[in-house]
Amino acid sequence: MKHIAGGCLGLFVVGQLFYLVAANILGVWQFASAQDDGWPTAAQAVTERWADLTGQPQNWSLFAPEVDTASTFAAVELRWDDGIHPPVLLLSDNEPDHLDRFFRFGRSRLRRYESLLIVTLQVPAGKEEDDVVDGWRERIVNRVRRQWGPMFAYLRWRWIEYQQQHPHLPLPKEVRLLARTYAIGTPGGLAPPLRLVQRPLARRLPESEPSDALPIEAFNPVVNEFDPVVRSRGRP
């Protein structure tokens, strides 16, 4: 029995070492290639499931030498098309009410969950938005493909929570996921005021559940419309 237990422990240690190496290498490959097909993507899906099961995600980074130039928060917008109910914007509990009181304590699980959903879309210095929207579109579609399940659950949760406080409201036509990005000045010198840019990322149509596409549509910044995302082969 001891030999069996020791053998199982050894296999677990070897498997864990393989996971740590594979998860980080595949993460770098995904970031560098910006592709969402082939065996590396399938292998990364396996490592992500193990990370979710064991609570050890590997999408970390150090703070130096580069520091983030933006802080992005998730938000949800409820939209009706009846001409009676105006849109409702639901901010994240992690977004501060006052920008001069930015310290946050608690809600780390919610902050971690929301970070899986959002994409920070910025225009690099010296470029125009038209120069980068094609890349934005690819990043948004990849995020929807990879995280449509958590997106679906998050959008549904935010609507149900709001509907419980306003039971008279009908089902919205659209439930949108937004990214609210605050541009941050560079360290040193006089930093400019924080500037807010709000962009849509995805949406759910509660009254429509397509069979051949994901239940979450991806925003296309090239044409400023939402596009269906076809289910990938071999994935649910």
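The values are calculated or read from the model by the stated rules, or taken from the named source; none is laboratory data. Predicted model, so just to flag it, every value in this text is computed and none were measured. No Cβ is skipped: glycine too gets one built from the backbone with ideal geometry, and neighbour counts run over all protein chains shown.
Starting from segment 66-95, keep only residues that are farther than 15 Å from R203 by Cα, then list their pairs with residues that are surrounded by 17 or more Cβ atoms within 10 Å (Cβ to Cβ) and basic (K, R) whose Cβ atoms are within a distance under 7 Å, requiring at least 6 positions of separation or different chains.
Correct list of pairs: T72/R180; F73/R180; E95/R180.
Name every residue in segment 115-138 that is assigned to a helix (DSSP H, G or I), surrounded by fewer than 18 Cβ atoms within 10 Å (Cβ to Cβ) and within 11 Å of the chain's Cα centre (by Cα), in order of residue number.
Scanning segment 115-138 gives S115, L116.
Given the conditions (1) closer than 29 Å to D212 by Cβ; (2) part of a helix (DSSP H, G or I), report the number of the one that R112 does not fulfil.
Against the list (1) closer than 29 Å to D212 by Cβ; (2) part of a helix (DSSP H, G or I), R112 comes up short only on (1).
Restricting segment 112-133 to residues that are among the β-branched types (V, I, T) and either outside the structural domain of V223 (by TED's automatic domain parsing) or in contact with a strand residue (DSSP E or B) (Cβ under 8 Å, 6 or more places away or on another chain) (or both), which is farthest from P221 (Cα to Cα)?
In this case the residue turns out to be I118.
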